[in-house]
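Asks: Below is one structure. I have some questions about it.
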Amino acid sequence: MTRVNISKLWVLTLLAAAFAMPAWAETKIAVVDYGRLVEESPQAKAAMDAIRTEFTPKQRELETMAQSLKTKNDKLEKDRATMSAEQVSRTEKEIRDGSRDLQQKRAEIQDDFTARRNEEMSRLQRSLIEEVRSYAKAQNFDLVIADGVIYSTAALDITPAILSAMQAKAPKPAAGSAAPKPPAK
């Protein structure tokens with residue numbers, strides 16, 4: 001290239017950079033704490049409450065089965081001296097079978113719980129992403145960053161505003177119903 005063409009190229013590059021700077025200065029960037037949205041949104045709390053309500057009876061059933069096995073085992077240990085060898089053998093077999101059934105049922109319920117939780121979390125994630133997108137569009141943000149942020153000022157954090165918007169959209173509990181219990185820790 002000739003010297004004139006190189007200087008024209010540099011001038012054009014500098015002009016392009018000069019025109020791009022004001023656009024960059026007007027870019028609206030925000031940060032959202034996705035983990036906090038998952039933990040604190042009313043939709044997440046409702047999903048976890050629904051799962052807890054669904055699986056509480058199953059958990060009670062497991063506890064009842066375990067207590068029954070423990071009672072049977074305690075009775076065997078207490079009465080072993082007065083029982084015939086056949087009665088001891090039959091009772092031990094019942095306890096082994098019951099224990100196996102309990103373990104299988106526990107594994108099935110755990111698998112069901114995991115699948116249900118994953119289903120609800122997937123639904124919640126789609127909802128949260130859509131909520132962040134709609135908020136960002138309504139507030140004219142050009143870029144919203146969720147993960148991988150090491151530091152940001154509170155001025156860039158839109159998490160509280162999104163949580164407020166989600167709480168406003170959450171269904172209100174009926175006037176006569178009790179407030180949901182906080183999760184046990």
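Asks: May I ask for log10 I(q)/I(0) of segment 27-169 at q = 0.09, 0.16 Å⁻¹, from a Debye sum over the Cα atoms as equal point scatterers with solvent left out?
Replies: Each listed q maps to, in turn, -0.51, -0.88.
Asks: Modelling each spin label as a point 7 Å along the Cα-to-Cβ direction, I'd like the residue 63/residue 121 distance in nm, to one decimal.
Replies: Between residue 63 and residue 121, the simple spin-label model gives 2.5 nm.
Asks: Cα to Cα, under 19 Å, and not fewer than 8 places away if on the same chain: which aspartates and glutamates meet these conditions relative to residue 72?
Replies: 61, 63, 86, 92, 94, 97, 101
Asks: Go through 45/105; 58/169; 70/105 and tell me which ones have a Cα-Cα distance over 21 Å in this structure.
Replies: 45/105; 58/169
Asks: Determine, for each peptide in 142-151, 120-129, the mean count of other beta carbons within 10 angstrom over its residues, then list the peptides with the highest first.
Replies: Put in order of decreasing packing, that is 120-129, 142-151.
Asks: Which one of 103, 125, 76 has its Cα pushed farthest toward the positive end of the charge dipole of segment 46-185, where Lys and Arg give +1 and Asp and Glu give -1 at the Cβ?
Replies: 76
Asks: Excluding residue 112 itself, what net charge comes from residues whose Cβ is under 10 Å from its Cβ, given Lys and Arg +1 and Asp and Glu -1?
Replies: For residues surrounding residue 112, the net value is 0.
Read-outs throughout are calculated quantities, based only on the coordinates presented, and are distinct from any laboratory measurement. Keep in mind the model is a prediction, meaning the values are calculated, not measured. Neighbour counts run over all protein chains shown; Cβ positions are idealised from the backbone, glycine included.
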